[in-house]
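What follows is one structure encoded as structure tokens, with my remarks underneath.
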Amino acid sequence: MDTPNYLLINQAEILLPNGELLLGDVLCGNGEILQIAPQITTMPENTQILDAKGLTLLPGVIDPQVHFREPGLEYKEDLFTASCACARGGVTSFLEMPNTRPLTTTQAALDDKLQRAAQKSLVNYGFFIGATPDVLPDLLTANPVCGIKVFMGSMHGNLLMDDPEVLDRVFAQGKRLIAVHAENQARINQRRQEFAGITDPAIHSQIQDSQAALEATQLALKLSKKYQRRLHILHLSTGEEAELLRQEKPAWVTAEVTPQHLVLNTDAYETIGTFAQMNPPLRSAKDNEILWNALRDGVIDFIATDHAPHTLEEKAKGYPNTPSGMPGVETSLAVMLTQAKAGKCTVAQVSHWMSTAVARGFGIPNKGKIEVGYDADLVLVDLVNYHPVLREELQTKCGWSPFEGWDLTGWAQVTIVGGQIAFDRGKLNTNVRGQALSFGVN
Ligand code: DOR
């Protein structure tokens, strides 16, 4: 059956771009928001009515850093399962990283991903192109891309960019956004040797310590200033980096933080062991607080999950043989809205960090706000009731979450992608397909 072209979201608490809430209706048609009013009574005949009483309508989440594993590593996750997890989590667009097999370092590899996503993804998609030490020509021309991904550390093989001279060349050429995974690989290598033989996963945060992150962020900032190059610092993890950015962050630099770096810290190794292992690693409770302050003060611009699924078998291998990374798209919005409920921030701030600021930062047109003419990428959340993170409800193929058992509020009840209902109170509509995103000057 065809989905009707028009959708009326009836009597939601609507988060407006000025941060105010309006109890009212939103009419969507042909993928866009057509009208917002306290009550809409005139609408086309074939309009589907969605009862939204008691729910809050937010712009759909745009997750600016995910690893969805297709092609090549589909045993961990694929674009279909990952996008189902997105729809369940209220994520209507994602920006995906190039560490798939093959690596996304050429136009051909990018085209392949775009084609796969068009066939499989329930939500909208965009991709980074990966920088390699041989600085392939497609780095500057491949299209559409949201930016160039540079792994300064925490990566093996061709994507590792740990030579400062090569980094300088990448920053010197072209104008498109560079997103860095900022960890100093030389320091990590040296400390890995120093701590060799230790199997307690908590050592991970000491091997890849705060200093390793700070040194790489300092270098990226220096190069960005040298060439006035648009820089985005991925998953900021330390108080030291946040303080550095507070002192000297140029207007063309943005930074993000993950929910896990805000709400988890090294105590998590005691409860979930290697499932807490990620790069950059979890830090201290003090770092959590400094990162929160930086986020609230606008030093950190947005929230990304760094969704990095690995199987239960892989995660059970025992440190240091376990891969780093944890899934996140399914829980990020609820984790953040639960924090809002607890008084850490407001719902409007969460929506700004997870939607509006991301669209602005990557120049994604017509997304990230509930405004007439904007795309109808929306999420209805329940800010009243709580529900735990349950393994059996997870859509991600990896089948686990670091937040299992956490009682969260703000779960997505209905997720709307381009005016189509992709997820409705526990049920996915797997016929829905997202679209390729476009990016400002990139
Ligand atoms: O822990 C991580 N795992 N951090 C990253 O940035 C990459 C990732 C992965 O792809 O598994």
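The values are calculated or read from the model by the stated rules, or taken from the named source; none is laboratory data. This is a predicted model, so every value here is computed, not measured. Cβ: placed from backbone, ideal geometry, glycine included. Neighbour counts: every protein chain shown.
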Any chance Ser224 is within 13 Å of the ligand (Cβ to nearest atom) and in a helix (DSSP H, G or I) | no
Residue set Arg192, Arg169; condition surrounded by fewer than 16 Cβ atoms within 10 Å (Cβ to Cβ), out of contact with any helix residue (DSSP H, G or I) (no Cβ under 8 Å at 6 or more places or on another chain) and not aromatic (Phe, Trp, Tyr); output residue Arg169
Leading residue by the ranking (surrounded by the most Cβ atoms within 10 Å (Cβ to Cβ)) among those in segment 339-387 that are more than 22 Å from Ala422 (Cα to Cα) and in contact with a Gly (Cβ under 6 Å, 6 or more places away or on another chain) = Ala348
Which of the residues belonging to segment 311-326 are hydroxyl-bearing (Ser, Thr, Tyr) and more than 8 Å from the ligand (Cβ to nearest atom)?
-> Thr311, Tyr319, Thr322
Which of the residues spanning segment 130-185 are of a type in the set (A, V, I, L, M), under 23 Å from Lys113 (Cα atoms) and more than 16 Å from the ligand (Cβ to nearest atom)?
-> Val135, Leu136, Leu139, Leu140, Ala142, Val145, Leu177
Only helices (runs of 4 or more DSSP H) wholly contained in segment 313-372 count here; list those with 1 or more residues that are hydroxyl-bearing (Ser, Thr, Tyr).
-> 332-341, 347-351
Cβ-Cβ below 6 Å, separation at least six or inter-chain, first residue in segment 153-177 and of a type in the set (Gly, Ala, Ser), second assigned to a helix (DSSP H, G or I) and away from the ligand (no atom under 16 Å from the Cβ): which pairs?
-> Ala172/Tyr227; Gly174/Leu140
Within segment 120-150, which residues are within 25 Å of Ala359 (Cβ to Cβ) and surrounded by fewer than 18 Cβ atoms within 10 Å (Cβ to Cβ)?
-> Leu140, Thr141, Asn143, Pro144
Kindly indicate whether any position in segment 56-63 is over 21 Å from Gly418 (Cβ atoms) and either free of Cβ contacts under 8 Å to residues at least 60 places away in the same chain or part of a loop (DSSP other than H, G, I, E, B) (or both).
-> no
Of the residues Leu337, Leu378, which single one is among the hydrophobic types (A, V, I, L, M, F, W, C) and under 22 Å from Thr47 (Cα atoms)?
-> Leu378
Quick count over segment 228-248, residues being more than 14 Å from the ligand (Cβ to nearest atom), of a type outside the set (Ser, Thr, Tyr) and farther than 20 Å from Val170 by Cβ, is 10
Residues being outside any strand (DSSP E or B) and either surrounded by 20 or more Cβ atoms within 10 Å (Cβ to Cβ) or out of contact with any strand residue (DSSP E or B) (no Cβ under 9 Å at 6 or more places or on another chain) (or both): count how many of those fall in segment 394-425.
-> 12
Would you pick out the residues in segment 273-310 that are more than 16 Å from the ligand (Cβ to nearest atom), more than 21 Å from Asp209 (Cα to Cα) and either modelled with pLDDT under 95 or of a type in the set (A, V, I, L, M) (or both)?
-> Leu295, Val299
Give Thr100, Thr132, Thr104, Thr92 a once-over and let me know the one that is closer than 22 Å to Ala376 by Cβ and β-branched (Val, Ile, Thr).
-> Thr92
Give segment 68-99 a look and list any residue that's surrounded by fewer than 22 Cβ atoms within 10 Å (Cβ to Cβ) and in a loop (DSSP other than H, G, I, E, B), or say none.
-> Pro71, Gly72, Leu73, Glu74, Tyr75, Asp78
Just a yes or no: is a residue in segment 21-31 modelled with pLDDT of 95 or more and within 16 Å of the ligand (Cβ to nearest atom)?
-> no
